[in-house]
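Here's the structure, in structure tokens; my notes come after.
The values are calculated or read from the model by the stated rules, or taken from the named source; none is laboratory data. None of the values given here were measured: they were computed from a predicted structure. All Cβ positions, glycine included, derive from the backbone under ideal geometry; neighbour counts span all protein chains shown. Only protein heavy atoms, including side chains, enter the accessible area calculation; ligands, DNA and RNA are left aside. Shrake-Rupley method; radii C 1.70, N 1.55, O 1.52, S 1.80 Å.
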Amino acid sequence: MNQAHPIRRRTFLAASLAALGATTTACGFDGDSGSSGNSGEGSGSDAGDSGDGNGDDGAPQQGGTLRVSMIPVPEIDPAIAGGSSNGQIIMTALWEGLVVLDADDPSNVLPGVAESWDVSDDQLVYTFHLRSDAKWSNGDPVTAQDFLWNWQRILTPGIAGENNPSYNQGNLRVVGAGDYMNGETESFDDVGVKALDDATFEITLEAPNPTLLLHLAHYQFFPLHPPTLEELGNDGWLTGDQWVSNGPFVLDRFQINQRAVLSRNEHYWDADNYYLDGIDVTFNDGGTTSDLLSYQSGEIDVTGRIEDDLEAVTTSDVADELMSAPPNQMRQLIMLNSRNTVLNDVRIREALSIAIDRETLGEISKPAVPGNSMVPDVIEGSDQIPGVEYDVDRALTLLDEAGFPNGEGLPTITLMDYQSTPWVEAIGQMWRDNLGIDVTIDNIERGLFIERIEQLMPEDYVGFYQLNTSVSPPVLQSAAQRILPAASSRIGGINLVPPDVAEEFLAAVDSGAPPNEFLAILDGNRYPECERAVELAKQAMAEPDEDKQFELLVECAVARDEAFVEIPVLWGGYNLLIKPHVKNLKLWPFTSVFSTKGVYLEN
């Protein structure tokens, strides 16, 4: 029987298994849900290339505080999806999971709390062996029971995640985890995670998952200190004075909307490979202008709070200090579901997609690059996915076939946004010029935006919303996983269904039905092109043969692009200004952006 600290179960009020801020929906470093890409004189993924910056003995210099600015982070709880990449940067410094991403090559997983692991021949059972020198910052040993307690916490609805839990069964497929989370079983013993003894932790999967280790390296599986949580509760542990964590740093201070101060954890087993004395995070909600001035005046060393006005950065005197991560993100338009079903005709959606001149958008969105598929070209296998091409003549032909010659009679297309986005406005003008249709831009407050994209729009509201998402980890499996039913509860995009089905779905969500019930309403009711992509994703993730799975993943990606409910526009990566004296900071194509392992300050 699993041995875990008791956790009180609450009613599951979640409307989804992974909402807007989930890790498969990567939020940009400035709070935008994605960012730009790799081009331009200052681009690169490794900061501080000039000079060795080492001390007299050739070793990296010890000491100093890295000063970072980012958008405010409301919480840093592993159980909650959200907090964007900003929170994940802080969390990566405070905690360590069973495995960690290689700071030099994040496609590689290295030992973390687990010094080694075994995988069964059928690829279903992973057995992790914890290192004896893994300790909490108060000196307590880190045990397998600590990880078991945390697994139960992230899977118990309402404990912390409320309506936005971080765990996604579609990504991991741990035996029994989805059923426990949905309330179909009350016994945690049925979940495929076990503490075999103090130093051995076991995970059992429903099906082989080659991305499991990459997922385990991310924030959802960072362990909190059970005794601290049990003493202070879910509302007190973050702001209490009794901070305990197991990563390279500890939290000295956390002031919501103001500041976070981190200092070295001398109990951390790998402390010798971390050279900074601390990290001082300033939360800025004032936009690019404020951070650019602070950076230019030497008040901060690193900032990603620059996405709302990258042109101001690229034309400034610090443009050559702008660094970009490899592009695994997509800036895209996602179809809203509406009582007006005109866009439910795939021919019209295709016409809109191929009437976008992505090359021109790339020119006005640097360092972003044109993106013609939902699978960026940084991902292995992307060369087999043709994507969409600019073709105005074919777009007009498709509109004619759909009954709207030269766009006549087509209702106004609305592009919903929560900020003023140049590429969105440019697409609106392209559609006006190329197709002769009316387009309006609806800029609304971000909170309202998040609410409305979940709704069935009225008859007079037809269109798309803009969103920046990522494929994380950047592999084809992740691209398929993010469209599985468990990964999305929206009635637009890949879950495009007729209005009556959308109403039934929303009613089930509002009634508090468990996710397995309201997600089942979608199955078989999506429009055929969407249903095909989802079914291919299911087949691919269940296929044990790697070669056959790869073929299915490619077929799924092509089908997803050809559904045209998600229109790719640009590819990009995280953009940060990094001072030249910050050495060995390497940017990742992951939502956690970077690690401070090996990072040091010159002079």
Long-range HN-HN contacts of T185 with modeled amide H, under 5 Å: Y180
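On average, how much area does the Cα convex hull of the stretch 111-233 cover when viewed from any direction, in nm²? It would help to have the intermediate numbers written out before the result.
Numbers: hull surface 31.0 nm².
About 7.8 nm², averaged over all directions.
Take each of the peptides 111-118, 401-408, average the number of other beta-carbon atoms within 10 Å over its residues, and list them starting from the highest. Please list the in-between numbers first.
Details: 111-118: 18.8, 401-408: 15.5.
Most protected by this proxy first, the peptides run 111-118, 401-408.
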Cα convex hull of the stretch 329-572 - mean projected area over all directions, nm²: 12.8
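Net charge near T440: determine it from the other residues with C-beta under 13 Å of the C-beta of T440, scoring Lys and Arg +1 and Asp and Glu -1. Please list the in-between numbers first.
Details: positive: R432; negative: D417, E425, D438, D442, D460.
Summing Lys/Arg as +1 and Asp/Glu as -1 gives -4.
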Whole-angstrom Cα spans of the stretch 557-603 along principal axes, big to small: 54, 18, 12
Cα→Cβ-extended label distance, 7 Å offset, between D104 and Q123, nm: 2.8
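Please report, in cubic angstrom per residue, the volume enclosed by the convex hull of the alpha-carbon atoms of the stretch 357-402.
Details: hull volume 4.3 nm³, N = 46.
Hull volume over Cα atoms, normalised by residue count, gives 93 Å³.
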Span-like helix ranges in the chain, DSSP H, alpha carbon extent 18 angstrom or more, Kyte mean at least -1.0: 422-435, 528-542, 546-563
Backbone N under 14 Å from the R446 label point (7 Å along Cα→Cβ), restricted to the stretch 281-297: 283-288
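Using packing as a proxy for protection, rank 366-372, 299-305 so that the peptide with the highest average count of other Cβ atoms within 10 Å comes first.
Working: 366-372: 22.9, 299-305: 24.4.
Highest to lowest by the protection proxy: 299-305, 366-372.
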Cα-derived Rg to Rh of the stretch 450-603, Kirkwood definition: 1.08
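For every other residue with a beta carbon closer than 9 angstrom to the beta carbon of Y390, add +1 if it is Lys or Arg and -1 if Asp or Glu, then tell me the sum.
-3
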For the stretch 258-314 versus the stretch 367-394, the gap between their alpha-carbon centres in whole angstrom: 33
Options L238, W95, Y461, ranked by Cα towards positive dipole end of the chain, top entry (Cβ charges): L238
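For the chain, give the percent of accessible area contributed by carbon and sulfur heavy atoms, probe 1.4 Å, rounded to a whole number.
45
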Total lysine pairs under 19 Å (Cα atoms) in the chain, excluding pairs fewer than 8 apart on one chain: 5
Angstrom value of the Kirkwood radius, inverse mean 1/r, which spans all Cα pairs in the chain: 24.7
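Which value, in Å², gives the accessible area per residue of the chain when a 1.4 Å probe is used on the protein heavy atoms? Could the numbers behind the result be given before it?
Numbers: 21670 Å² over 603 residues.
Averaged over the residues of the chain, the accessible area is 36 Å².
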Separation of alpha-carbon centers, the stretch 504-522 and the stretch 164-216, rounded to whole Å: 23
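After finding the eigenvalues of the alpha carbon gyration tensor for the stretch 490-542, what semi-axes result from the square roots of 5 times each, listed largest first in whole Å? Can you show the working numbers first?
Details: eigenvalues 82, 36, 10 Å².
Taking √(5λ) for each Cα gyration eigenvalue gives 20, 13, 7 Å.
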Point-to-point label distance, E186-D393, nm (Cα→Cβ direction, 7 Å offset): 6.9
